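Visitor: This is the structure I have questions about; it appears just below.
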Amino acid sequence: MVQIISAGEEHLPAIAELARFIWHECYPGIISREQIEYMLARMYSLETLKAELRSGIHYSRLLIDGELSGFASFGPAEQTDVIKLHKLYLHPTQQGRGLGTELLRHCENEARKLGARQLTLNVNKHNTKAIGMYQRNGFCIADSVVLDIGNGFVMDDYVMGKSLV
């Protein structure tokens, strides 16, 4: 049975652990192992995740038969009617089964409840699997950005968006 439910602070250690596994499985070949470790330390420390929850970023957990198999996070963007999808990840064994689309639709519906007219996200330009999934779900590439994230690393991303109206 698949469930998508909100995450609280008590769920953050499991989310961080799953993120670490997914990143080490899916990102080699896209970014260096050094950048993977740097970004995991920055983005998935418990302090960072807790601060995100407190700042209004929502986390949702995808459970399969009660086991954490994916997660997403989303929250306000600079424009008042836009929600940014910050994270959407599935365990590699669960990819290709439509669960990413299910989790994405959940985020879209939650964004609508928050009054959003558009959902945006950043995705690495070389993450072709993710880009394809987003495009199949109605997202379009709106921009190309290179963001300096420190320590000599950059995020070379597409900004993608989808109208929710």
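Just so it is clear, none of the values below were taken in a lab; they were calculated from the coordinates. For clarity, every value in this text was computed on a predicted model and none was experimentally measured. Heads up, the Cβs are rebuilt from the backbone with ideal geometry, glycines too, and the neighbour counts pull from every protein chain shown.
Visitor: Sort the following peptides by mean Cβ neighbour count (other Cβ atoms within 10 Å, averaged over residues), highest first: 11-20, 45-54, 99-108.
Guide: The peptides rank, most packed first, as 99-108, 11-20, 45-54.
Visitor: Right, something else. Which lysines, if any, have their Cα less than 16 Å from the Cα of K87, not counting same-chain residues under 8 positions apart?
Guide: The reachable lysines, counting only those whose Cα sits under 16 Å from K87, are K50, K125, K129, K162.
Visitor: A follow-up question, please. Rg to Rh for the chain: what is it, with Cα atoms only and Rh by Kirkwood? Intermediate results must be reported in sequence, preceding the final value.
Guide: Numbers: Rg = 15.0 Å, Rh = 16.2 Å.
Rg/Rh for the chain comes to 0.93.
Visitor: When each pair of different Cα atoms in the stretch 36-84 is counted once in the 1/r mean, what is the Kirkwood radius in angstroms, to one decimal?
Guide: Evaluated on the stretch 36-84, it is 12.4 Å.
Visitor: Rg to Rh ratio, the stretch 1-57, alpha-carbon atoms and Kirkwood radius?
Guide: Using only Cα positions, Rg/Rh for the stretch 1-57 is 1.03.
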